[in-house]
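The values are calculated or read from the model by the stated rules, or taken from the named source; none is laboratory data. Predicted model, so just to flag it, every value in this text is computed and none were measured. Here the Cβ positions follow ideal geometry from the backbone for every residue, glycine too, while neighbour counts run over all protein chains shown.
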Amino acid sequence: MSELKPREGQEGGVLVISLLLLMGLTALGAAFMTTSRTEVQISGNVVTYAQALSHAEAGLNEAVARLAVPLSPHYIAEDMTAPNPGWGRYIVLERGNSTQDPDFGKTATDGLDNDLDAATDETSESYPEVLSVQSNFHHPLAYPWVKVNYRLDGANNIVRYGDHDNNRATAPRRNPTFGQPIVTVTARGEQGPANRTLEVDLVRPPSFDIRACMYTEDDDFSFSGDDFFISGQDFDPATGDTVSNSTRLPAIVTTADLAKLLGQIGHQQGDQIIGSGGESDVQVAPENLNLEWYVDTWGRLADFHYVGDTNNPDNTNVWGDFDNYCVVYVEDGDMTLKGENTGGGLLLVDGNLKVAGSFTWYGVVIALGDIYFKGGGDLEGQFHIYGGVFANGVNLNTVTGNADILYSSEAIDRLKNLRGVLPLSWKER
């Protein structure tokens, strides 16, 4: 059998083809290696970028925690009832880190007293630094600086968030006059070559401007018996006595029919309702309050949240007391309490509050429906509220028990120490 041999002159062509195939395979291999390295690098960059974002979020979380609890030793905010537009703080891992903020120098020419030393626009004036709670950690998360300051408009006025038009039909919004001051938190997060900067606007829930012992939006009151006391005098919850030289508020203010409500007070009951106007003290409310906004906003920060009609929940030693305030919220339902119940802070009920037995509360009670009290029972119907009450109407049955609703400035003042801030907006810079 004869052998197959390349024709004369074809040996070089085979060599060229082999070389081309080898070069193609080499190129494909190199491309594959390059693609693999690129994908690994991209994957690493994505991870690093995500870690930097997580660190920025951790910085935001520390700032929120240090703004939310006024009694905490780490609290950094000022008294927001009288805010200073120039106020601000840097939370830093190391002293001097605030200079890494690209906007660090703006405070030297903003026309405000940023370091609160009564001088404006000093050389290198800036917000004071406070050390992060993790500054002494061996492996701290990399958020080198977090800036906390008020949101200002173009005229250096603090931007607020609240019931701008005193109209419950319109939603709260940003405005220059009414509501709580908005606090802006800017946090820088780093990981390797990656960095991310986040900005969030926060606001503390609305404060309670108590102008009477009781505020009501209805004239549907019922007073059975005369063993009750509604007083705008200032009481000390610890002693049960009035505070000397204190300001007396109205006992009851209403946005409903004043004459009708007064007509439901019997001639032997008038001296049980005492305030700045003397006995039978029921006055016209100076303004409409958006109770739904109070309930909805504070309800989002509830320590104890119940949904629907709630009958005598187990609250043994959990609803707080005069020294430990909390927020209790009943959403979309009534609350019925029997036996012995006590607590302190905010009690918020979307519907009616019905109480039989013994009940003591320090702070504010808001019922979007009515408050019903029925005396009697094993504990003889002892009903005491020190602070203030917002309710639609009140039904007090004190034939066999008693009910005291007493204004207390001390109980109200302690509401300032309730924890919590709410986010309004979030963005990456």
Practice task
Among the numbered conditions (1) in the same structural domain as Ile158 (by TED's automatic domain parsing); (2) more than 21 Å from Ile182 (Cβ to Cβ); (3) under 24 Å from the mean Cα position of the chain (by Cα), tell me where Ala58 comes up short.
Solution key: (1)
Practice task
Using the structure shown, decide if Thr170 is among the β-branched types (Val, Ile, Thr), in the same structural domain as Gly388 (by TED's automatic domain parsing) and either crowded, with 17+ Cβ neighbours inside 10 Å or at negative phi (or both).
Solution key: no
Practice task
Please work out which one of (1) surrounded by 14 or more Cβ atoms within 10 Å (Cβ to Cβ); (2) at pLDDT 90 or above is the condition Glu94 fails and give its number.
Solution key: (1)
Exercise for the section: Residue by residue through region 158-171, note down the ones that are assigned to a loop (DSSP other than H, G, I, E, B) and modelled with pLDDT of 95 or more. Expected result: Val159
Exercise for the section: Filter the strands (runs of 3 or more DSSP E) completely within region 284-392 down to those with at least 1 residues that are on the phi > 0 side of the Ramachandran plot and either surrounded by fewer than 16 Cβ atoms within 10 Å (Cβ to Cβ) or in the same structural domain as Val243 (by TED's automatic domain parsing) (or both). Expected result: 340-349, 358-374
Practice task
Determine which member of the set Gly266, Gly277 is surrounded by fewer than 18 Cβ atoms within 10 Å (Cβ to Cβ), under 25 Å from Phe208 (Cα atoms), over 28 Å from the mean Cα position of the chain (by Cα) and small (Gly, Ala, Ser).
Solution key: Gly277
Exercise for the section: Test Asp257 against the criterion of being of a type in the set (Asp, Glu) and closer than 24 Å to Phe322 by Cα, and give yes or no. Expected result: no
Exercise for the section: Can you give me the number of residues within region 404-429 that are closer than 26 Å to Asp303 by Cβ and either assigned to a strand (DSSP E or B) or at pLDDT 90 or above (or both)? Expected result: 18
